[in-house]
Amino acid sequence: MQGKEETDKGKTMRLDKYLASSRAGSRKEVRDLIKHGSVSVNGNICRDPSTHIRSEDAVLCRGLPVVYKEHVYYMLNKPAGCVSATTDEKERTVLDLFPEDLQKGLFIVGRLDKDSVGLLIICDDGELAHALTSPASHVDKKYCIRTDEPLDEEDVTAFASGITLSDGTRLKSAVLDIFEDDKCAALVTIREGKYHQIKRMIASRGKKVVYLKRLSIGGLVLDRELDEGSFRELTDEEVRVLRM
Ligand code: URA
């Protein structure tokens with residue numbers, strides 16, 4: 001990636017930038033911490049924000065080790081009632097679920113409708129976001145849905161053949177897997193991410209989606225332990241799986 005200041009061997013980064021990038025605080029907050037003697041480098045208090053840090057340096061802030069990460073990635077279990085936007089004049093956004101000090105620089109990777117729930121990736125890595133959401137990317141996304149009327153084998157065949165939406169958009173083949181014991185519930189796997197896609201696919205079959213939850217994006221699966229409205233950082237392994 002061009003222009004990035006890494007802390008790879010041989011490269012350095014200013015202490016204030018290093019701390020802010022590691023989310024120890026805003027640039028101003030970390031400068032104050034540095035000036036007040038709350039930051040040490042290799043065991044010595046360092047009061048100069050312009051000090052250059054190498055990857056092998058041990059940086060402590062308020063006595064705790066600072067682990068440098070170029071990017072931050074979260075999985076959110078989106079609740080119903082908030083919009084997939086970073087700001088909105090009227091509505092509560094998914095970013096409002098994050099503490100203010102974590103919100104800076106974050107954006108949302110692929111939207112869910114206001115009434116949809118489930119897996120949403122929120123990060124500050126534009127490259128990964130593009131790789132997952134560009135029209136050329138064919139990442140599988142899996143959803144659990146409920147419909148107002150029972151689904152049937154004709155719906156399964158229509159999904160597999162590629163649905164044509166009411167505006168003429170022709171969609172790629174998708175998988176509709178109806179639950180054995182509840183014909184109003186199904187797993188849907190799609191490879192595109194068009195506006196209200198699943199609702200419009202089901203509407204094209206004369207039925208209505210009454211519940212929609214995203215379960216996975218590529219190899220990343222929503223953590224079952226994560227309550228609606230909660231988020232957690234992705235593990236290194238989960239980020240690696242997303243990049244595949
Ligand atoms: N398809 C929809 O119709 N809505 C979503 O939120 C996601 C996929």
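The values are calculated or read from the model by the stated rules, or taken from the named source; none is laboratory data. Values in this document were obtained by computation on a predicted structure and should not be read as measured data. Ideal geometry is used to build each Cβ from the backbone, glycine not excepted, and the neighbour counts take in all protein chains shown. What goes into the accessible areas is simple: the full protein's heavy atoms, side chains included, and nothing from ligands, DNA or RNA. Shrake-Rupley method; radii C 1.70, N 1.55, O 1.52, S 1.80 Å.
Miscellaneous remarks
- Members of the stretch 38-59 found to be part of a strand (DSSP E or B), surrounded by 15 or more Cβ atoms within 10 Å (Cβ to Cβ) and among the polar types (S, T, N, Q), listed by number: Ser40
- Residue in the stretch 105-113 that is modelled with pLDDT under 95 and of a type in the set (Asp, Glu) present: no
- The residue that is surrounded by the most Cβ atoms within 10 Å (Cβ to Cβ), counting only those in the stretch 175-207 that are more than 11 Å from the ligand (Cβ to nearest atom) and under 27 Å from the mean Cα position of the chain (by Cα), is Leu176.
- When Asp148 is tested against (1) surrounded by fewer than 12 Cβ atoms within 10 Å (Cβ to Cβ); (2) more than 23 Å from Val94 (Cβ to Cβ); (3) without any contact (Cβ under 8 Å) to a residue 60 or more places away in the chain; (4) charged (D, E, K, R), only condition (3) is not met.
Rundown of residues vs (1) within 13 Å of the ligand (Cβ to nearest atom); (2) under 26 Å from Ile198 (Cβ atoms), yes/no style:
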| residue | (1), (2) |
| --- | --- |
| Thr86 | no, yes |
| Glu89 | no, no |
| Thr93 | no, yes |
| Asp96 | no, yes |
| Glu100 | no, no |
| Gly105 | no, no |
| Leu120 | yes, yes |
| Ala129 | no, yes |
| Ser134 | no, yes |
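- Yes/no for Arg27 being touching a residue at least 12 places away in the same chain (Cβ under 8 Å) and either surrounded by 15 or more Cβ atoms within 10 Å (Cβ to Cβ) or under 30 Å from the mean Cα position of the chain (by Cα) (or both): no
So that you can scan it fast, the table gives a plain yes or no per residue for (1) modelled with pLDDT under 95; (2) open to solvent by 50 Å² or more (accessible area, probe 1.4 Å); (3) of a type outside the set (D, E, K, R):
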residue: Lys11; (1), (2), (3): yes, yes, no
residue: Arg23; (1), (2), (3): yes, yes, no
residue: Val67; (1), (2), (3): yes, yes, yes
residue: Leu76; (1), (2), (3): no, no, yes
residue: Ser84; (1), (2), (3): no, no, yes
residue: Asp96; (1), (2), (3): no, yes, no
residue: Leu102; (1), (2), (3): yes, no, yes
residue: Gly118; (1), (2), (3): no, no, yes
